[in-house]
Amino acid sequence: MSSLEDKVERLAELLRRSRHALALTGAGISTDSGIPDFRSPESGLWSKIDPREVATWEAFRRNPRKFYRFWMERLPSLLQARPNVTHITLARLEENGLLQGIITQNIDNLHREAGSNRIWEVHGNYKRAVCIACGRSHRIEALLAKLEEVDLPHCNGCGGLLKPDVVLFGEQLPQSFAQAAAAVGRADLLIALGTSLEVYPVAGLAPQAATGGAELAIINRDPTPYDHLACLAIRAPLGPTMALLQRLLRLER
Ligand code: ZN
């Protein structure tokens, strides 16, 4: 057996014996779906565009037109993306009672598309927009239709400016984060996948789990600051790792 197989077998064993397993996912799981990881140094859009200029709450308020120009450039990769083997494996784990929920930092809606049901989207979801004045939620289709006619989208209800319902830098996290943190308090296993565990407060869920008595497993291409707290750290590409996990747990179709 290769060492990757040993490690994935250990992950399968952790899942089999857990009673309340959760996954924590980040940008690394969606790169195989063609969505660039904005924080990765090589592919990083952030190396070309300073996020402080466009993707902050402050910048959105100051210059929403500039924000929307940036946002519209990001949109095609989100709209075209389809779930990959990692999203599908997580959905099958839930279906088979081996996973109780997913906390995701991704805004790409791919966990839903893959069939997962219990999801905490702690950084929002690009499929929705929210009115910054009255808080009313709008669908992305309505936002796009407005953007075709006028340069800034406004709320039908109150005329307030619409913002994609995603958490910008410097913005408060939604209520779902508190719910996710409470769920981690009940978990006996937390599997972090494709996240560098560097963006807070979400990254803090990993040490919260480990110090709260849950087992922590980390699957990521690069080392993370919490590998030393993990009972299992797999540094390998996610696609082959998840395909192997599906085979070991007989989740393939
Ligand atoms: Zn409104």
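The values are calculated or read from the model by the stated rules, or taken from the named source; none is laboratory data. The structure displayed is predicted, hence computed values, not measured ones. Cβ: placed from backbone, ideal geometry, glycine included. Neighbour counts: every protein chain shown. When the accessible area is computed, the model is the full protein with side chains, heavy atoms only, and any ligands, DNA or RNA have been set aside. Shrake-Rupley method; radii C 1.70, N 1.55, O 1.52, S 1.80 Å.
Each row is one residue, and each column tells you yes or no for (1) assigned to a helix (DSSP H, G or I); (2) over 20 Å from the mean Cα position of the chain (by Cα).
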site	(1), (2)
Gly204	yes, no
Pro207	yes, no
Leu216	no, no
Pro223	no, no
Thr241	yes, no
Arg253	no, yes
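Report yes if Ser196 is touching a strand residue (DSSP E or B) at 6+ places or on another chain (Cβ under 9 Å) and polar (S, T, N, Q), otherwise no.
Details: touching a strand residue (DSSP E or B) at 6+ places or on another chain (Cβ under 9 Å): no; polar (S, T, N, Q): yes.
No, not satisfied.
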statement: Those residues of segment 72-107 which are closer than 23 Å to Leu173 by Cβ, open to solvent by 10 Å² or more (accessible area, probe 1.4 Å) and assigned to a loop (DSSP other than H, G, I, E, B) amount to Gln100, Gln105, Asn106, Ile107
- prompt: What are the pairs, 6+ residues apart or on separate chains, where a residue within segment 149-160 that is in contact (Cβ under 8 Å) with a residue 24 or more places away in the chain has its Cβ under 7 Å from a residue that is surrounded by fewer than 11 Cβ atoms within 10 Å (Cβ to Cβ) and not small (Gly, Ala, Ser)?
  reply: Asp151/Arg65; Leu152/Arg65
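Say we look at segment 118-151 and pick out the residues that are over 26 Å from Asn106 (Cβ atoms) and either assigned to a loop (DSSP other than H, G, I, E, B) or modelled with pLDDT of 95 or more (or both); which of these is farthest from the ligand (Cβ to nearest atom)? Steps first, answer last, please.
Our first condition is that a residue be over 26 Å from Asn106 (Cβ atoms); within segment 118-151, this holds for 133-134, 148-151.
Narrowing further to those that are either assigned to a loop (DSSP other than H, G, I, E, B) or modelled with pLDDT of 95 or more (or both): 133-134, 150-151.
Numbers: Ala133: 5, Cys134: 3, Val150: 16, Asp151: 18 Å.
My answer is Asp151.
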- request: Would you mind telling me which numbered condition in (1) surrounded by 20 or more Cβ atoms within 10 Å (Cβ to Cβ); (2) of a type in the set (Gly, Ala, Ser); (3) in contact with a helix residue (DSSP H, G or I) (Cβ under 8 Å, 6 or more places away or on another chain) Ala203 fails?
  value: (3)
- line: Filtering segment 152-170 for residues that are within 16 Å of Ser137 (Cβ to Cβ), away from the ligand (no atom under 16 Å from the Cβ) and open to solvent by 50 Å² or more (accessible area, probe 1.4 Å) leaves a count of 0
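Residues Leu190, Leu162, Leu197, Leu238: which one is at pLDDT 95 or above, at positive phi and aliphatic (A, V, I, L, M)?
Working: Leu190 fails: at positive phi; Leu162 fails: at positive phi; Leu238 fails: at positive phi.
Going through Leu190, Leu162, Leu197, Leu238 in turn, the sole match is Leu197.
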